[in-house]
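Only one structure is covered here, and it is reproduced in the block below.
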């Protein structure tokens, strides 16, 4: 039986391999298991991220269709809620607006014209008085005494005048008979003239005393409203006092002074040459509530070079005391009226590089851009001379979300115009929009 020999075929240059397992290396491998978990999570997240991007790219390559087959970003893909108003036809008044202050038509500071003590006050603060009504009484007794003295002197001088007149007639007869010289007759005639002059002076003194007594009873020089009492009863007053007794302001009618830019002067002058009264309306500080209506009275004769404005004066009947002196008002001066123009709320008007335009809503609830020509703007209402017809429905709020062809859900506005400060810009896709992305108001 042949014996079997084992042959070693390894390279004699290669040392025998030995495998050694260290207990420390096995523990370190067990501690690094969480690293593999984190790497697995990162790979899974990247997989789902790239899968979503590929799905969007496939949808875009298929024609930009979203869920339901609607085109992504198309104008009719969603409905925009907007506020609308219906255009009407009518007349639009043209006003020039300015800032003014109400002034009393007449103002009088009542002062004493005599010296004396106040013994009676016949008015109440804030009372409406009429011209000639008694207001204050000053003690008149000193002037009554002066009157009696002047009357006594007058009686004395009249008696003396009568005596010298009788002597003068007698001397004329004696002179004619040659008994007395001419000089004595002339002297007697001079005495007559002296007493005649004294009587005139006495009459003037009497009149002055009567005038002082009349001044002691102070009356209202004009009709108006009495202000606060400046002096109380019992005080001594003098004709030279700087402070008055009271102030009366005439409130009916009442005036308003206001200013307008000098560039508007030709319009006002041309309207005044027509001869018809120019209507002026006064509004409150917020320029929302009409207080009174009047007419233009006059224009100042010069322009203020520091402000480039000129002053005007308007008068109001003020029968209900709507206006009060020194009250601040906004003044609207009517200079023209635009006839038969299309009227829309001012908030419907948009402006872009190619001009003014509006969004008009069609019967299919889609908007279309209409280029319009403005005739005049008056507060919340704007007149359009071309580009729009009466009955057209225009968007007054929500234009910033619209472009030509957008589908809208219209809602009628409650007033003639949407509240100020709402939307007023179109998107950059509009052909009238500015390059910055929205037209300026």
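Side notes on the structure shown:
- Shape of segment 111-240, Cα gyration tensor, a/c cut at 1.5: prolate
- R0 of 41 Å, Cβ-Cβ distance residue 180-residue 208: FRET efficiency to nearest 0.05: 0.50
- Fully extending the segment from residue 101 to residue 299 would add 69.8 nm, taking 0.36 nm per residue of separation and subtracting the current Cα-Cα distance.
- Span from the segment 230-264 Cα centroid across to the segment 269-307 one, whole angstrom: 23
- Alpha-carbon centroid distance for the pair segment 173-210 / segment 341-384, whole angstrom: 97
- Among 149-155, 311-317, 179-185, the order from most to least packed when residues are scored by Cβ within 10 Å on average: 311-317, 149-155, 179-185
- In terms of surrounding Cβ atoms within a 10 Å radius of their Cβ, 238, 217, 332, 370 rank from fewest to most as 238, 217, 370, 332.
- Between residue 306 and residue 272, the FRET efficiency from the beta-carbon distance, with R0 = 35 Å, is close to 0.90.
- Square roots of 5 times each gyration tensor eigenvalue, C-alpha, segment 216-369, largest first, Å: 48, 20, 15
- Ordered by the count of other Cβ atoms within 10 Å of each Cβ, fewest first, 386, 216, 259, 406 give 386, 259, 216, 406.
Coordinate-derived values only; no laboratory data. Just so it is clear, the structure is predicted and the values come from calculations on it, not from any experiment. Cβ sites come from the backbone with ideal geometry, for glycine too, and all protein chains shown count toward neighbours.
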